[in-house]
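To start, the structure under review is shown below, and the notes come after it.
The values are calculated or read from the model by the stated rules, or taken from the named source; none is laboratory data. These numbers were taken from a predicted model, which means no experiment stands behind them. So basically every Cβ, Gly included, is an ideal-geometry build from the backbone, and we count neighbours across all protein chains shown. To get the accessible areas, we keep the full protein, side chains included, count just its heavy atoms, and leave off ligands, DNA and RNA. Shrake-Rupley method; radii C 1.70, N 1.55, O 1.52, S 1.80 Å.
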Amino acid sequence: MNLIKLSWKYLVFRPFSTGLNVILLALGLAIIIVLLLMQEQLEKKMNEDAAGIDLVVGAKGSPLQLILSSVYHIDFPTGNIDLEEARNLSRNRLVKNTIPLALGDNYQGFRIVGTNLDYLELYQAEFENGKSWSKAFQVVLGAEVAEKLGLKEGDEFMGSHGISEGSHDHEANYYHVSGVLKPKGNVVDRLILTSIESVWLTHEEDEESEEMEKSISSEITLNGLPQSEEPKEITTLLVQYRNPMAAIQLPRLVNSRTNMQAASPSFEMSRLFELLGVGISMLKGLAFVLIGISGLGIFIALYNSLKDRKYDLAILRAIGASRFQLVLLIFMEGFILTFLGAIIGILIGHSFLALIISQNQTGVMVSLQPWIFLKSELWVVAYAFVVGVLASVIPAFTAYQTSIAKQLTKA
Amino acid sequence: MLLGTKDLTFTYPGQRTIRFENIQLEEGESLLILGKSGSGKTTLLNLLSGLSSPETGEIKINGQDISKLSGQKLDLFRGQNIGIVFQKPHLLAPLSVMDNLRMANFFSKKKNEKLKQILIDLGLSEKVNSSILTLSEGEGQRVSIARALANEPKLILADEPTSSLDDENAEKVIQVLKEQAKKIGAALIIVTHDQRVKNHIQKFIEVKSS
C-alpha cells in the first residue's frame, strides 16, 4: 500500500467521473497533437520539396496554383507556356539552371511528369533498381507509386489523359518502367517521371493519329531544354537563381515582359500558411478550451469527492498520515488523471493521423509519418500537468485544512 | 505508567471551560469514560489522541509528552502508538478490508505480519479481501477495531464503539477489544454511556462540565 495506489483506488472507485475527465483531457490533447504533427511535418516537407527551386515560371493564373501544381504536384497546372519563350528565359544571365516540366497525364491517379535528368538530381534521387530513362516512353517510378501499383522494372502500363484518375486512356502508347527510385519521403515518391518528349509524343499521336514516324521521336533530351523544330509547349520551368540579385529582378521581368508568370515557392507557401493559419489557430483555441474544461472538470471532481471524503481524510490523519501526505494524495489524483489523459491523448492523436493518412491514397498526406514523436509533444504533456496541478491546488488546500477532531466528532 | 494526564482543561469558543480528572493507566488496564451527552467525553478522547490540544495540562503516553509534539511528528506518534475506534466504522470504501489495515501500517511506517491473524481473531477470516461496501454494521465495526490494532498500539481509544450495535454485536465488540488489548499489552479506554459496556469494565472516570 502506498499513496499512488491509494489515489488510484479512489479514482477507480468513481469510474465515470474519472473516465469523463480523462477523455475530455485526452481529446483536447489529441487535437493539439494532430495539429502539431501536421504542421511540423507538412512545413518540413513543403520546405524539402521546394529546396533548390527559387522560382517557378508557368502560364498566367494563380501563383499559388502554379506552385502547388508544379512543385508539390497537388493542384492542376495553370496552363502551358511556349517552349521558345522558356528557352529565352533560361538564357537570361540571372538564371543559373532551369528544369522543364510537362504535365498532363496520369496513371491510376499518379502523375506522369515529363522532365529531364536534372529533376532527379535536384531531389538527389537514388535508384532502388533499374536506371533512368534513355528512350521515349521509358519511365522511372517513385517508390510509393511502385509500391501502391505493384509495378517493377520491365513492366508496362498505359497512361490516361488528364492529371487525375478516371480520364480516357491513351491507347497507342505503353510506358516501360526502366527503373524504380528509393523512397525519400519527398514529392518524387509519388511521381512517374519520364522525358518531355514522351509526354509530347503521347499527345501528338492522339491528335495526329499515327502518321508520325517513331524514328524521329526516339531521340530525347536528357539535360537542358528539349530541341524542337516546330513550336512546342511545356507546362512550367523550375528556375534556380544565379545570384541574389535575380530574386528581385527576375520575377518582375517575367511578369511584366512575357506571357508567363513567375512565382516563388517560399513566398507562396508562407502566404498559404497565413491563409490556413486562421483555421489552425481556431482549432488550437478549441483544443485549449477543451483542456481548460477538463481542468475544471478535474477540479470539480476532486472538490466534490473531497466533500464525501472528509471523513476518510480525517481517518487517514488518525491512523498516522500527516497533512502533507494528504496534500500529496490529492495532487497524486490530479496527476494520475492528467497523466492518463496525456498518454491517451497522444495515442488518439497519432492514431487519428494514421487513420487520415490511410484514407488518403495519393495526396500530400500520404507522405506524413503518424508515429513520429515530436519534442513539442512533451510541452503538451507538461501543459497538461500544469492544468492537473492547478486543478488540484484548491482541493489539496482543503484537504490540508481539514480538522480531524471536528470531522470525526461531528457524527 | 503508560498514560498519565495532569490538570487537563479545554474551552470551546464561547463556552465554559471543561476540567478533566487526572488519569493514570498502566499497561493492560482498562478504563471507562462516562458522562452525559455533551459533557466533553469525546473532547477528552480527542485530547488523549492528540487530535486536538489542551488549553492547559499535560498528557504523557509511554513517557512522551504529546503536547510537546507537533505536526508530522504528532501524526506519526499517534499512528504508531494510539489505535482509535470511532463511533462509526469510517473505513476507506475504495479499499478492501485487508488494504484498510495495510493503510494504517503504511502511514505509521510500521510492519505487521499478523494482520491476517487479527482479522481471524475478530471473526473476519471470510472477509479478508472483501470490499468494505459488502460489510454489515457489526462487521464494519470489527474491521475498524482491527485497523486500530494493526499498528500494535500502546493505547487503544474507543469512542462509543457499541452505540449503533445490537446486543450480540456489542458483546462481541467489547470482548474483542478487551482480549486484543490484553494480547498486545495495550491500555484500553472506552468512552461510553452504554450499560452493556459498564458490565465488563469496572474502572471508570466521569466527565462533568462544571
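Values computed for the structure shown
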read-out	value
Region A:271-411: proportion of alpha-carbon pairs further apart than 28 angstrom, %	39 percent
Exposed-site-free run, longest, chain B (rule: trypsin sites (Lys or Arg not before Pro); DSSP loop; at most 12 other C-beta within 10 Å)	B:112-202
Helix A:3-13 axis, angle to chain A major axis (alpha carbon atoms, nearest 10°)	80 degrees
Total accessible surface hidden between A and B, rounded to 100 Å², 1.4 Å probe	2400 Å²
Rel. contact order, % - alpha carbon contacts under 8 angstrom, at least six apart, chain B	32 percent
Neighbour net charge for A:Leu83 - beta-carbon separation under 9 angstrom, K R +1, D E -1	-2
Vicinal HN-Hα couplings computed from phi for region B:3-15 (Karplus, 6.51 cos²θ - 1.76 cosθ + 1.60; Hz; Gly/Pro x)	10, x, 10, 9, 6, 6, 9, 8, 10, 7, x, x, 10
Rg ratio (alpha-carbon, reference 2.2 N^0.38 Å) - chain A	1.42
GluC sites (Glu not before Pro) within region A:225-306, DSSP loop, no more than 13 other Cβ atoms inside 10 Å	A:Glu229
Local electrostatic count, A:Ala318, Cβ distance below 10 Å [Lys/Arg +1, Asp/Glu -1]	+2
Accessible area in the full protein assembly, largest first, 1.4 Å probe, for B:Val197, A:Val381, A:Val393	A:Val393, A:Val381, B:Val197
Neighbouring partner chain Cβ atoms per residue of A:318-331, average, 10 Å criterion	6
Angle in degrees between helix A:196-208 and the longest Cα principal axis of chain A, rounded to the nearest 10	60 degrees
Surface accessible to a 1.4 Å probe, A:Ile4 within the full protein complex, Å²	100 Å²
Rounded Å value of the spacing that divides the Cα centres of region B:171-199 and region A:21-77	78 Å
Cα centroid of region A:283-340 to Cα centroid of region B:41-68, whole Å	32 Å
Surface accessible to a 1.4 Å probe, A:Glu156 within the full protein complex, Å²	100 Å²
Per-residue HN-Hα couplings for region B:203-208 [Karplus 6.51, -1.76, 1.60; θ = phi - 60°; Hz; x = Gly/Pro]	6, 8, 10, 10, 9, 10
Sequence-distant aspartates and glutamates (8 or more away, or on other chains) whose Cα lies within less than 17 Å of B:Lys36	B:Glu21, B:Asp159, B:Glu160, B:Asp194, B:Glu206
Accessible area of the protein assembly as shown belonging to carbon and sulfur atoms, whole % at 1.4 Å probe	55 percent
Fully extended contour minus Cα-Cα distance, from A:Gln240 to A:Ile356, at 0.36 nm per residue	38.3 nm
Candidate residues A:Arg252, A:Arg323, A:Arg190: accessible-area rank, largest first, probe 1.4 Å	A:Arg252, A:Arg323, A:Arg190
Under-5 Å amide H pairs with A:Ile74, H placed in peptide plane, nonlocal only	A:Ser69
Under DSSP loop assignment and at most 13 Cβ neighbours within 10 Å, longest chymotrypsin sites (Phe, Trp or Tyr not before Pro)-free interval of chain A	A:1-370
Radius 14 Å from Cβ of B:Ser96, net charge of other residues (Lys, Arg +1; Asp, Glu -1)	+3
Residues A:His161 and A:Val12, FRET efficiency given R0 of 41 Å [Cβ-Cβ distance, rounded to 0.05]	0.10
Lysines with Cα under 26 Å of A:Lys307, excluding same-chain neighbours fewer than 8 positions away	A:Lys5, A:Lys9, A:Lys406, A:Lys410, B:Lys88
³J(HN,Hα), Karplus 6.51/-1.76/1.60, whole Hz, each residue of region A:338-346, x for Gly, Pro	5, 4, 4, x, 5, 4, 5, x, 5
Spread of Cα-to-Cα distances over 10 Å intervals beginning at zero, given as percent, for chain B	9, 36, 37, 17, 2
Enclosed volume per residue, in Å³, of the convex hull spanned by Cα atoms of region A:55-263	115 Å³
Longest to shortest principal axis, alpha-carbon extents of region A:278-322, angstrom	56, 18, 6
Degrees between helix A:244-257 axis and first principal axis of chain A (Cα, 0 to 90, nearest 10)	60 degrees
